[in-house]
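Participant: Following this message is one structure expressed as structure tokens.
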Amino acid sequence: MGQDVQRALALWAPQVLRTAGIVRQLRAENYPTPAWLAVGVTAQGFPYEIQEFVPGHPAASVTATAARRLIDLLEHHTGLDPDPGRCWSAYVTGQLTDGGLLCRAAHCGPEGRAMAAECERLLSAHGEVQLPTGDLVHGDFRPANILFAGNRVSGVIDIEAVGSGSRVFDYASLLTSDELTPAARRLVAAAARGVAGPAPLAHCLAATALDLTVFVHEHHLGAGIAGLPTLRQRLNELVREAD
């Protein structure tokens, strides 16, 4: 394990410990995330948690039927507000206002520059916006982190980045995932715009797409880099649907 990874894990430890209490809170609200049976930090400073086993598996393809289940789940995020001190709406606003995320993406080569340009067009079309707050935000709400048992959602996993903000951010994370069918994507996009209108969704989509662009480049993920043109096209289609 490299020193950078070790340092990142150690810095992440307080958030993992903090999440343990949030998981208890969310489960009390009937949110389907597995119970944490144990949580702590190793002598080396690395966080760990042991979760209960939940039957189910991620959907390889999110159909319209599965999308409706995910929309119901995302609407359950409304008003849960588990950690106002960790606000995803503030994160999005900060990253887009100072231009830092756009600049980092633009320095990721040709695909990064193309994504930054697409996101700048998206943001310009909607202007400034004040993102809502007060909801649960998973932070990485993607099909890989949602377990299905039959037609029901049996578990929401990888919840360590949880915070507050607007559930629109989680809708945006879902919309940038490859697993959604076109029909599912239309349903999710319509539900996302119904939360607070198209402008908050545009800002969250831009932040999510730029984050992904930087991540796949910094980690040299060839498949992720190759998928960026498809993601740009998807953003463009979502904008046209809103118009």
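Participant: What is the residue count in segment 18-50 for residues that are modelled with pLDDT of 95 or more, polar (S, T, N, Q) and exposed (fewer than 11 other Cβ atoms within 10 Å of the Cβ)?
Facilitator: Going through segment 18-50 one residue at a time, the tally reaches 1.
Participant: Condition test on I22, is it in the same structural domain as E218 (by TED's automatic domain parsing) and part of a helix (DSSP H, G or I)?
Facilitator: no
Participant: With under 25 Å from A207 (Cα atoms), in a helix (DSSP H, G or I) and not small (G, A, S) as the only criterion, which of L102, L80 stands out?
Facilitator: Just a single option satisfies the conditions, and that option is L102.
Participant: In addition: With L73, L136 as the choices, which residue is within 15 Å of the chain's Cα centre (by Cα) and part of a strand (DSSP E or B)?
Facilitator: L136
Participant: Shifting gears a bit: Given the conditions (1) out of contact with any helix residue (DSSP H, G or I) (no Cβ under 6 Å at 6 or more places or on another chain); (2) modelled with pLDDT under 95, which single one is not true for L212?
Facilitator: For L212, the exception is condition (2).
Participant: Is there a residue being in contact with a Gly (Cβ under 6 Å, 6 or more places away or on another chain) and among the hydrophobic types (A, V, I, L, M, F, W, C) anywhere in segment 87-100?
Facilitator: The answer is yes; a qualifying residue exists.
Participant: Let me ask something else. For L11, all conditions in the list (1) closer than 25 Å to A191 by Cβ; (2) out of contact with any strand residue (DSSP E or B) (no Cβ under 7 Å at 6 or more places or on another chain) hold save one; what is the number of the exception?
Facilitator: Exception for L11: condition (1).
Participant: Sticking with this structure for a sec: If I filter segment 45-58 for residues that are polar (S, T, N, Q), in contact (Cβ under 8 Å) with a residue 12 or more places away in the chain, within 26 Å of G194 (Cβ to Cβ) and not in a loop (DSSP other than H, G, I, E, B), do I get at least one hit?
Facilitator: No, segment 45-58 contains no residue that is polar (S, T, N, Q), in contact (Cβ under 8 Å) with a residue 12 or more places away in the chain, within 26 Å of G194 (Cβ to Cβ) and not in a loop (DSSP other than H, G, I, E, B).
Participant: Only one residue in R234, R193 is surrounded by 13 or more Cβ atoms within 10 Å (Cβ to Cβ), of a type in the set (K, R) and modelled with pLDDT of 95 or more, so which one is that?
Facilitator: Sole residue among the options that is surrounded by 13 or more Cβ atoms within 10 Å (Cβ to Cβ), of a type in the set (K, R) and modelled with pLDDT of 95 or more: R193.
For every residue, the table says whether it meets (1) β-branched (V, I, T); (2) in a helix (DSSP H, G or I); (3) free of Cβ contacts under 8 Å to residues at least 60 places away in the same chain; (4) at positive phi.
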| site | (1), (2), (3), (4) |
| --- | --- |
| F148 | no, no, no, no |
| I159 | yes, no, no, no |
| S164 | no, no, no, no |
| F169 | no, yes, no, no |
| S177 | no, no, no, no |
| L205 | no, yes, no, no |
| T208 | yes, yes, yes, no |
| R234 | no, yes, yes, no |
| V239 | yes, yes, no, no |
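Participant: Looking only at residues in segment 219-231 that are more than 17 Å from the chain's Cα centre (by Cα) and part of a helix (DSSP H, G or I), which one is farthest from L180 (Cα to Cα)?
Facilitator: G222
Participant: Looking at E111, E118, which one is part of a helix (DSSP H, G or I), surrounded by 16 or more Cβ atoms within 10 Å (Cβ to Cβ) and touching a Ser or Thr at 6+ places or on another chain (Cβ under 8 Å)?
Facilitator: E111
Participant: Output the residues belonging to segment 179-190 that are outside any helix (DSSP H, G or I) and either among the acidic types (D, E) or buried (at least 20 other Cβ atoms within 10 Å of the Cβ) (or both).
Facilitator: Across segment 179-190, the qualifying residues are E179, L180.
The values are calculated or read from the model by the stated rules, or taken from the named source; none is laboratory data. All figures in this text were calculated on a predicted structure; none of them were measured in a lab. Heads up, the Cβs are rebuilt from the backbone with ideal geometry, glycines too, and the neighbour counts pull from every protein chain shown.
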